[in-house]
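Visitor: The structure's right below; bear with me while I get my questions together.
Only the coordinates and a few stated rules stand behind these numbers; no lab work does. Nothing here was measured: the structure is a model prediction, and the numbers come from that model.
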Amino acid sequence: MEMKKQIFLKIMNNISVAYPTSKIDTGNDLMMSVWYDVLKSISDEDFISVVKMYLSESKFAPLSPASILEFANEKLINHSKSDIDKVWIYLKDMIVKYGFNSHYEWSSKEQSYVAVNYLNSVIKNHGDAKLLKTYDSMYSKLTTLNSNNEDFVRKEFFEIYEQLIVEETKSNTAHGKIDNKKVLEIEWWSSIKRA
């Protein structure tokens with residue numbers, strides 16, 4: 001749903017008041033039209049949350065709509081990165097529980113025995129596309145995971161998963177999908193508590 005223009009203009013007025021020396025001119029229809037065109041795909045609530053956080057954390061006015069989008073990206077990416085360790089632990093637990101071995105089970109659909117790998121099924125059904133992509137790209141390294149190489153494998157897992165977080169977040173933000181409002185609110189409240 002497209003952001004309401006009156007909400008956009010009210011928030012832009014708040015920005016210009018908070019940063020009186022900024023070059024944001026809410027009376028300049030062309031400027032507001034350009035900013036709105038870039039930011040309009042963000043929901044009203046998400047735009048308000050992002051700007052509240054921006055105002056409470058940044059000393060400098062946004063120079064362009066991209067400044068606001070970059071700020072939202074940074075907050076969402078940093079919050080998502082904090083979950084990578086949980087995903088790594090989950091993956092390791094599933095490897096221990098199911099292993100990489102396949103076994104054969106009768107398939108009534110195929111009317112024959114088919115190879116089944118529970119670990120692959122669990123990872124695919126987990127619902128985390130980034131985990132699945134990382135798992136697929138590192139499959140051969142994960143099969144050799146042991147205490148001697150765990151630090152190296154873990155480091156690569158984190159790098160790949162983090163890159164996928166960045167790509168997904170930037171893509172979503174570019175399309176106005178800052179749908180992680182709770183993350184933004186948590187970050188905003190934590191910034192208030194720090195102040």
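Visitor: Report the convex hull volume per residue for the range 35-144, counting only C-alpha atoms, in Å³.
Guide: 176
Visitor: Any idea what diffusion coefficient the range 23-87 gets from Stokes-Einstein, in µm²/s, Kirkwood Rh on alpha carbon pairs, 25 °C, 0.890 mPa s?
Guide: 186
Visitor: Right, something else. If you take the Cα Rg of the chain and divide it by 2.2 N^0.38 Å, with N the number of residues, what do you get?
Guide: The value comes to 1.39.
Visitor: Please work out the Cα center distance from the range 79-116 to the range 123-139, rounded to the nearest Å.
Guide: A separation of 10 Å, based on Cα centres.
Visitor: Another question, then. First obtain the Kirkwood hydrodynamic radius of the range 51-110 from its Cα pairs, then insert it into the Stokes-Einstein equation at 10 °C and 1.306 mPa s, and state the resulting D in µm² per second as a whole number.
Guide: After rounding, the answer is 100 µm²/s.
Visitor: Now a separate question. If amide hydrogens are placed 1.01 Å from N in the peptide plane, which non-local residues have theirs closer than 5 Å to the one on Val116?
Guide: His103, Tyr104, Glu105
Visitor: Taking the Cα atoms of the range 84-167, what is the range of coordinates along each of the three principal axes, in descending order and whole Å?
Guide: The principal-axis extents, from largest down, are 43, 31, 18 Å.
Visitor: Between Lys97, Lys109, Lys40, find the one with the highest GNM mean-square fluctuation for the chain; connect C-alpha pairs within less than 10 Å.
Guide: Lys109
Visitor: Output ³J(HN,Hα) for the range 95-102: one whole-Hz value per residue in order, computed from phi by the Karplus curve 6.51 cos²θ - 1.76 cosθ + 1.60 with θ = phi - 60°, and x for Gly and Pro.
Guide: Coupling constants for the range 95-102: 5, 5, 5, 10, x, 9, 6, 9 Hz.
Visitor: Additional query: Which whole-number percent is the relative contact order of the range 80-170 (Cα, under 8 Å, 6+ apart)?
Guide: That works out to 28 percent.
Visitor: Under the Kirkwood approximation for Rh and a Cα-based Rg, what ratio Rg/Rh is obtained for the range 1-40?
Guide: Taking Rh as the inverse mean 1/r over Cα pairs, Rg/Rh reads 0.96.
Visitor: Now for a separate question. Under the 0.36 nm per residue contour assumption, what length would be gained going from the current alpha-carbon distance of Tyr113 and Thr21 to full extension?
Guide: Roughly 25.9 nm would be gained on extension.
Visitor: On to the next question. Report relative contact order for the chain in percent, whole number only (criteria: Cα-Cα under 8 Å, sequence separation at least 6).
Guide: Value for the chain: 28 percent.
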